[in-house]
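Below is one structure; the comments refer to it alone.
The values are calculated or read from the model by the stated rules, or taken from the named source; none is laboratory data. The structure displayed is predicted, hence computed values, not measured ones. Note that each Cβ is placed from the backbone with ideal geometry, even for glycine, and that neighbours are counted across all protein chains shown. What goes into the accessible areas is simple: the full protein's heavy atoms, side chains included, and nothing from ligands, DNA or RNA. Shrake-Rupley method; radii C 1.70, N 1.55, O 1.52, S 1.80 Å.
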Amino acid sequence: MDLEPIISRMKLGAAGETGTWRNYRPVINKELCNKCKTCFSYCPEGVISEEIEIDYRFCKGCGICKEMCRQKAIEMVQE
Amino acid sequence: MWNLQGNVQAESHRNGSRVRKLLTSNEAVAEAVKIAKPDVISAYPITPQSPIVESLAKMIAKGELDASFVRVESEHSAMAVIHGAATAGARVFTATSSHGLAYMFEMCWWIAGSRLPAVMAVATRSIGAPWNIHGDHTDIVQLRDAGWIIGMAENAQEAFDMTLQAFCVSEEVNIPFAVGLDAFTMSHTAEVVEIWEPEIPPRRQAYKVLPSDNFAVNAVTMGKARMKARYDLAVDLENSAKVIEKTDKDFGNHGGLVENYRLDDADFAVVMMGGWCGDAKDAIDMLRQEGFKIGLLRIRFLRPFPKKAVKELGCEVLVVDKANSDLRGVLGIEVSSCGVEAKNVVAGIGGVDVGVEDLCRIFKDFMNGKLEMEWYL
Amino acid sequence: MILPGNTSCQGCPISLAMRCLDEIENPVLVIPAGCSTVVAGLHPNSAMKIPVIHVPFASTNAVACGVKEAYKRAGVKANVIAWIGDGAADIGFATLSASATRKDDIITVVVDNEAYMNTGTQASLSTFWKAKTSTSPAGKADERRDLALIMIAHKADYVATATVGYIEDLRRKFRKASQIEGFRFIQIHCPCPPGWRFPSEKTIEIARKAVMSGAWALFEFYDRKLRFSGIGKKFAEKDNRISLAEYLKAQGRFEHLRDEDILAIEKAIDEEWEILKRFSGE
Ligand SMILES: Cc1ncc(C[n+]2csc(CCOP(=O)(O)OP(=O)(O)O)c2C)c(N)n1
Ligand code: SF4
Ligand code: SF4
Ligand code: SF4
Ligand SMILES: [Mg+2]
């Protein structure tokens, strides 16, 4: 019996490289960043690591990280 | 004969390892389910199915059956509960009738599409409007397109045997199995049934979902996946005929997909399914005595449909239906789809009484070429 | 528990809520039709790191109940989660109620984006007063139905409201639910950028404004007692709230509101708080 039509398997980038959806790219100013991890906690996509590195392959450019950063360490730069 | 309480106290006597008991078809189904030892049962009450699950609830309360019985608020949820339990690897059972089957329809498609083994008894009853609690086949024929195996028992013995067979077959082919039994004339009518306890293999299924897994079942498909799933199910449903035939001898030797009754030398064949086939056989015996060469092809399975047996009839064919689509009967449409030109009569809708004499008259008119009325009203 | 590169829109609250599932031990997700189905991954891919059972719209709690029954009998440890939208709570309301009444040992999570988003933003019973949706183009005239209160009336073992606006509070509630046995219910307020018509970077800000204006109350119910949650406690007092207009005016779905509309909504919200306060005894 072929189960493939009803089974879906775990995949990073299930919708492909969603970074291509981005109009604006979040750029972190490391000097301003105090590693409070707020951006890590609130990124809906989960593309900011605990070391505060952004995985641009998948970052959709929603801008939530920029809004949440109290240090104003994140800037949205047009792609 | 009629036992509306649904609990006949019968004296049973031992006959080897077999016990003969006076049981309604509802009770026979419950006995079979008890032997199959399901893990999870869920159902919602509806006449005339209720005594099946009431009996099972009682068996559980008495400690005779170790199963979870989930009381739900609707048939949709009854089917959803057993869908979930089956997904997690449990042997499952439910039962319904009529409006209940209509109400769970969406889930019937899902459990079949998910390729989950499950067994459901359907005490076949008319669907409204208007309200009618009596027997016909308008409910169960609706399952035809959903991807279920659909068996139609003729009597309590067959309801017992078929229910046990259902667990075996369903779990081998990963397709849910409905056992049809006629409202009241079977569900609430006691007959002698030979009860025995065949060995049912432990639960088998193509997949189950556990917390340690990381795959998804039934995500949104695009492209050809859905069509492929539907095709596979259709092919496997077709092939389930072999498994039904192979296991038939272990479950009462009823003939596989069909029962041939006095067909060998027949010039005329009647095609029917369900409880009234007993009356049809009596009618045929009477007509045989009058010299008519007539026989019965009793459809035991509406799905997979016994196309070969129908095609091989090679004589004049009459289909007598208890369910209609338009003016045509549903079984009539099935038979004509096999390339067999057949006369078709619709009768007994909503429990309209059709006895041996009525059937004799219909059969005679058919053989005399005088069949005018397509609806026996 | 959700992997990057999924199908969610930019700024999606459901994707954010799904990330928090790592607070729950041995999760098995049961998801009906809705945005969550799509976000969890389109065949042949699954965006989730945990097992997902996709099911019909109205069936979730019953399926979850069946899954849990089977696990119980097989001795499998799991937190079975019925992860539903507010719309699924509409069509599956009887099923949800039966599940709560049976005290099914599962967690029900409602990701409440206040409309049927997946089918194009039609109004649900949870849609906010006077909100414009595609089936209430002049603003919804009906009440907003309060699921969490209804679940409390079922004497559920754990009921909580939460929001993607305060993620630590949400995570704590997931953790807490994970450690309790019985029927657990968490309704998460999920501001949705395309559905509510605000820019994608504002999801959290709007979620917080909902709490600060009193439009979304944060509370927990367990041991038969209702408690306002730490972060939202002070907004039980009207004086501490920001103006409701500040919350509403940030969203396109309320662009048509006049001052008297806002006053009427405020009255409805105040009445709800009165009920909540009576429940909490505070
Ligand atoms: C029986 C049935 N009716 C209607 C639909 C169509 N449908 C799919 S998702 C959906 C709305 C989902 O709304 P909600 O549960 O709030 O989830 P959301 O998409 O907002 O996250 C509807 C109406 C369906 N799938 N099944
Ligand atoms: S929120 Fe700002 S300060 Fe905090 S870790 Fe992120 S970039 Fe750094
Ligand atoms: S822009 Fe959005 S997706 Fe990209 S890192 Fe920031 S929060 Fe995450
Ligand atoms: S419509 Fe809203 S809830 Fe649905 S995926 Fe998009 S952002 Fe998320
Ligand atoms: Mg919704």
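Couple of notes before you dig in:
- Kirkwood hydrodynamic radius over Cα pairs of the protein assembly as shown, then Stokes diffusion coefficient at 10 °C and 1.306 mPa s, in µm²/s: 56
- Size of electric dipole in chain C: Cβ of Lys, Arg +1 and of Asp, Glu -1, about Cα centre, debye, nearest 20: 560
- Per-residue ³J(HN,Hα) for the stretch C:140-147, Karplus 6.51 cos²θ - 1.76 cosθ + 1.60, θ = phi - 60°, Hz, x for Gly and Pro: 6, 8, 7, 5, 9, 7, 9, 5
- 16 Å cut-off, amide nitrogen to a point 7 angstrom out along B:Asp282 Cα→Cβ, residues in the stretch B:335-360: B:353-360
- Residue order by solvent-accessible surface for B:Arg115, C:Arg227 is C:Arg227, B:Arg115, largest first, with ligands and nucleic acids left out and a 1.4 Å probe.
- Distance in nm between pseudo-label sites at B:Ser325 and C:Glu25 (7 Å out along the Cβ direction from Cα): 5.6
- Translational diffusion coefficient (Stokes-Einstein; Kirkwood radius from C-alpha pairs) of the stretch B:17-248 at 20 °C, 1.002 mPa s, in µm²/s: 121
- Dipole magnitude for the stretch B:258-376: about 420 debye, using +1 per Lys or Arg Cβ and -1 per Asp or Glu Cβ, origin at the Cα centre.
- Each pair of Cα atoms in the stretch C:13-280 enters the Kirkwood radius, and Stokes-Einstein at 20 °C and 1.002 mPa s then converts it into a translational diffusion coefficient of 115 µm²/s.
- Carbon plus sulfur fraction of accessible area for chain B, probe 1.4 Å, in percent: 50
- Accessible area expressed per residue, the stretch C:48-168, with surrounding protein chains retained (probe 1.4 Å, Å²): 29
- Within the full protein context, the accessible area of B:Tyr376 is estimated at about 40 Å² for a probe radius of 1.4 Å.
- Counting only protein chain heavy atoms and rolling a 1.4 Å probe, the accessible areas of A:Cys65, A:Cys36 rank, largest first, as A:Cys36, A:Cys65.
- With a cut-off of 13 Å between beta carbons, the residues surrounding B:Gly339 carry a summed charge of 0, where Lys and Arg count +1 and Asp and Glu -1.
- Each of C:Cys20, C:Ala141, C:Val211 was placed along the dipole of chain C (beta-carbon charges, centred on the mean Cα), and the one lying farthest toward the positive end is C:Cys20.
- Residues in the stretch B:230-264 that a label on B:Arg18 would reach, taking backbone N under 15 Å of a point 7 Å out along Cα→Cβ: B:249-255
- Solvent-accessible surface of protein heavy atoms, probed at 1.4 angstrom with all chains present, puts C:Met1, A:Met1, B:Met162 in the order A:Met1, C:Met1, B:Met162, largest first.
- Relative contact order (%) - criterion: Cα under 8 Å, at least six apart; region: the stretch B:17-248: 26
- Once exposed loop GluC sites (Glu not before Pro) are cut out (DSSP; at most 12 other Cβ, 10 Å), longest piece of chain B: B:65-198
- Cα lying deepest toward the dipole's positive end in the stretch B:17-248, options B:Ile60, B:Gly223, B:Gly113, charges on Cβ: B:Gly223
- Chain-alone versus full-assembly comparison, the stretch C:43-61, residues with accessible loss of at least 50 Å² (1.4 Å probe): C:His43, C:Asn45, C:Ser46, C:Pro51, C:Ile53, C:His54, C:Pro56
- For the stretch B:100-116, putting each phi into the Karplus relation 6.51 cos²θ - 1.76 cosθ + 1.60 with θ = phi - 60° gives couplings of x, 5, 4, 5, 9, 4, 4, 5, 4, 5, 5, 5, 6, x, 7, 6, 9 Hz, in residue order, rounded to whole numbers and with x for Gly and Pro.
- Distance between the modelled labels on B:Lys370 and B:Lys308, one decimal in nanometres: 4.0 nm (7 Å Cα→Cβ projection).
- Between B:Leu210 and A:Lys37, the simple spin-label model (points 7 angstrom out along Cα→Cβ) gives 3.2 nm.
- The mean sequence separation of alpha-carbon pairs under 8 Å and at least six residues apart, normalised by the residue count of chain A, gives a relative contact order of 41 percent.
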